[in-house]
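Beneath this line is the structure, given in structure tokens, with notes to follow.
Each value in this text was obtained by applying a stated rule to the coordinates, not by laboratory testing. Here the structure is a predicted model, which means the values were calculated and not measured. With ideal geometry, Cβ positions are generated from the backbone for all residues, glycine too; neighbour counts draw on all protein chains shown.
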Amino acid sequence: FFITREVYREDPVDRTVESSVLLERVRPVLKLVNVEGDLSEIYSHTDSWHYTRMLALLPSFQKKAMLRVKARVSVGYDLEGLKLTTNEQDHTLTLSSAPTPQVLSIEHDVDYFDIDEGLFNSFSPRELTALNKEAKQVILDKIPQTGLLEEAAKRRQEMLVVLRALVESGGWTLVVEGEPAPIAP
């Protein structure tokens, strides 16, 4: 028993992990996220050599991958392009170009849950990276169909209410160009 146990005992794995994190750039941003959506996608990719039709039918020359992509999409407003002008005499703050909703960030996670490589046709690391990028692009292309941009546009009014409350708490009046003037009490 003791001899057999020692013979079949697994050797401990020596593992070394090194990492370097560098902060490349810090930049100030003024963004308001007012809608987030969680998206999920199954992305399938099949590839084969097409030298002859017969070779393409043989499993040794085919490869396929199925990816599951989970993404969190943040939609809102980039307030950097917000144009505000002040009038000291009238105590008015004029918002002349209200921003439009846009995709601010996409956080995605990819799981490769089925990779089937042929004997003569396998995935390179560059191809797997390209698959990851293509899957993210498919998510990005589907965002307009999800209704997230429309929901952010609906919540624009809430953003203006908060901004108006801040301005009016200082004794000023907020005027948004393109909107009817608020009725004075």
Gln102 label point, 7 Å along Cα→Cβ, cut-off 13 Å on backbone N: hits in the range 14-38?
30-32
Checking the cross-link filter: which lysines have an alpha carbon closer than 27 Å to that of Lys154, excluding same-chain neighbours under 8 positions apart?
Lys31, Lys70, Lys83, Lys136, Lys142
If each residue of separation counts as 0.36 nm, what is the full-extension length gain between His91 and Leu160 once their alpha-carbon separation is subtracted?
23.1 nm
Do any chymotrypsin sites (Phe, Trp or Tyr not before Pro) in the range 1-35 lie in a loop, going by DSSP, with at most 16 other beta-carbon atoms within 10 Å of their beta carbon, and if so which?
Phe1
Here, Phe113 and Leu140, labelled 7 Å along Cα→Cβ, have an inter-label distance in nm of 2.5 nm
For Lys31 and Thr46 in one chain, what is 0.36 nm times their gap in residues minus the Cα-Cα distance, to one decimal in nm?
1.5 nm
